[in-house]
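Asker: Quick one: this structure, given as C-alpha cells, is what I'll be asking you about.
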Amino acid sequence: MSQVLESYGYNLIKTDIDTGQDFLLQDTPLADTIITNPPFSLTTDFALQATKLAKQTALLLGLHFLGGHKRAAYLWQKYPPSRVLVIPQRMRVMTVNGVDNSQFNHMWVIWDRGTTNTTIEWTNL
C-alpha cells in the first residue's frame, strides 16, 4: 500500500513492528492522517490508537469487523466513523506466509475527528 501512495507523490511516515517502530506504542501524533491495513488480530487496537493520534484515519478492514456486541460498545458508539466504503468484490489479499486469503469482503473505514454521523457507500475499487 505504501509503495502505491508514494508513487502518487505522498510523503509517508512508515512504522512497522519488525523495524522496531510499534504503532501501538506511539504516544504522539505521527501525521494528520493515518492509513493502514492492520493485522486482523489487532484491528480494534489499531483503530482506537489511530483515532486517538490522527485527525483522519482510514483502515482497510474485513467487512465482518462491523459486527460484534463488544466492539459496538467500545469502538463504533464511542468513535463512529464518518464513512464506510464497502468493496463489493473480493480482493486478492496475500497473508504473511503467501497464502491467498480472498475468502471475505473488505471495506475502508474512515474516521474524521469530530464527525458523529456515518455514511455507507459502495465502491468499485
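None of the figures in this text is laboratory data; all of them are computed from the coordinates on show. Since we're looking at a predicted model, the values are computed, not measured. Counting neighbours? That spans all protein chains shown, and the Cβs are built from the backbone with ideal geometry, glycine included.
Asker: I want to verify a result. In a Gaussian network model of the chain, Cα cutoff 10 Å, which of these has the top mean-square fluctuation: Asn37, Asn105, Asn11?
Answerer: The residue that fluctuates most here is Asn11.
Asker: Taking θ = phi - 60°, what integer Hz values does the Karplus form 6.51 cos²θ - 1.76 cosθ + 1.60 yield along segment 71-78, in sequence order, with x for Gly and Pro?
Answerer: Whole-Hz 3J(HN,Hα) from phi for segment 71-78: 4, 4, 6, 9, 10, 5, 6, 6.
Asker: For volume of the Cα convex hull per residue in Å³, one of (i) 92; (ii) 126; (iii) 110 was computed from the structure I shared and the rest are decoys. Which label?
Answerer: The listed entry that was calculated here is (ii).
Asker: Could you give the size of the charge dipole of the chain about its Cα centre, using +1 on the Cβ of each K and R and -1 on the Cβ of each D and E, expressed in debye and rounded to the nearest 20? Present the calculation step by step, with values, prior to reporting the outcome.
Answerer: Numbers: 10 positive and 10 negative charges, 90 e Å.
Once rounded to the nearest 20, the dipole reads 440 debye.
Asker: Still on this structure, I have one more. Taking every DSSP beta bridge that has both residues in the chain, what percent is antiparallel when rounded to the nearest 5?
Answerer: Numbers: 13 of 21 bridges.
So the antiparallel bridges amount to about 60 percent of the total.
Asker: Relative contact order for the chain: what is it in percent, counting Cα pairs under 8 Å that are at least 6 residues apart?
Answerer: Details: 184 pairs, mean separation 29.2, N = 125.
Relative CO of the chain lands at 23 percent.
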